Amino acid sequence: MAQGSAAVPSTELLEWPKKDNRRLLHAVYRVGDLDRTIKFYTECFGMKLLRKRDIPEEKYSNAFLGFGPEESHFVMELTYNYGVTSYDIGTGFGHFAIATADVYKMVEDIRAKGGNITREPGPVKGGSTVIAFVKDPDGYVFELIQRDSILDPLCQVMLRVGDLDRAVKFYEKALGMKLVKKVDRREYKYSIAMMGYAEEHETTVLELTYNYGVTEYTKGNAYAQVAISTDDVYKSGEVVEHVIQELGGQITRKPGPIPGLNTKITSFLDPDGWKTVLVDNEDFLKELGN
């Protein structure tokens, strides 16, 4: 068969991600002591424990925490694998971010509870936004960002990439995200792109960071993936396959129901190896009991 004879996707199919009903649902990552992390997030960050489940036959437990119900808020899905007390975060994962009305007060509250402040509160270099950084008990970094208006405090997931333009194209084409902000900080030798489904202050965004000259990072085994909602995992999966052929990446799970749970998902790696899971909207709401 001649090269280039593969079926060309329709314009309607390629436009699907932009028309789909999508939002970032949760980030999934592993922790060494579930109760310790729940205590830290609820007491230091003010999150709520939304649900918790133990799956002894699979030897793991998980907990969902956030600042509001999963139907409308981005949340954290923590996974504890029986007997595993520590993980390697790697060099690629950057941080999560929490927006708050008063970073100084939040830092003092966290410090009083024994939290690890890694960057004291103050204006960001070259700007006026007040930020701070803290580490949770497993070593995950959280940026605290001062904002006057806050819709969902869990506002960012920062991941490092080896080619920013390629990453932006991938998330635009494969996931229908918008480039909501791009900043090049030549004096500090890095660039960032904020990708999301609404403006930066209205939603949770992926902050993709490119450090000049660095094309690869270690992934470790701690951070797992983000989950995003879709009205059709099959159509969404078809789009992702076409984009992977163009820009790179890998399908890690074909579209279909999870055995025993029946929630339809598909999963894949972007060109930098970061994993995304697309989850059927109706099935997700059924999982929550709606």
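The values are calculated or read from the model by the stated rules, or taken from the named source; none is laboratory data. These numbers were taken from a predicted model, which means no experiment stands behind them. All Cβ positions, even for glycine, are placed from backbone atoms using ideal geometry, and neighbour counts span all protein chains on display. Just so you know, the surface numbers come from the protein's heavy atoms only, side chains and all, with ligands and any DNA or RNA stripped out. Shrake-Rupley method; radii C 1.70, N 1.55, O 1.52, S 1.80 Å.
Below is a table of values for the structure above.
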| quantity | calculated |
| --- | --- |
| Total residues in segment 135-154, condition of a type in the set (A, V, I, L, M, F, W, C) and either exposed (fewer than 12 other Cβ atoms within 10 Å of the Cβ) or touching a residue at least 60 places away in the same chain (Cβ under 8 Å) (or both) | 2 |
| Filtered residues of segment 82-120 (kept if under 24 Å from residue 148 (Cβ atoms) and among the acidic types (Asp, Glu)) | 102, 108, 109, 120 |
| Subset of segment 61-104 [more than 20 Å from residue 222 (Cα to Cα), open to solvent by less than 20 Å² (accessible area, probe 1.4 Å) and of a type in the set (Gly, Ala, Ser)] | 68, 99 |
| Selection within segment 110-134 - outside any strand (DSSP E or B) and surrounded by 15 or more Cβ atoms within 10 Å (Cβ to Cβ) | 110, 115 |
| Looking only at segment 14-46, and only at residues there that are over 19 Å from residue 77 (Cβ atoms) and acidic (Asp, Glu), the one that is least open to solvent (accessible area, probe 1.4 Å) | 20 |
| Count of segment 225-278 residues which are free of Cβ contacts under 8 Å to residues at least 60 places away in the same chain, open to solvent by less than 30 Å² (accessible area, probe 1.4 Å) and assigned to a helix (DSSP H, G or I) | 2 |
| Among (1) open to solvent by 10 Å² or more (accessible area, probe 1.4 Å); (2) assigned to a strand (DSSP E or B); (3) in contact (Cβ under 8 Å) with a residue 12 or more places away in the chain - the single one residue 54 does not satisfy | (3) |
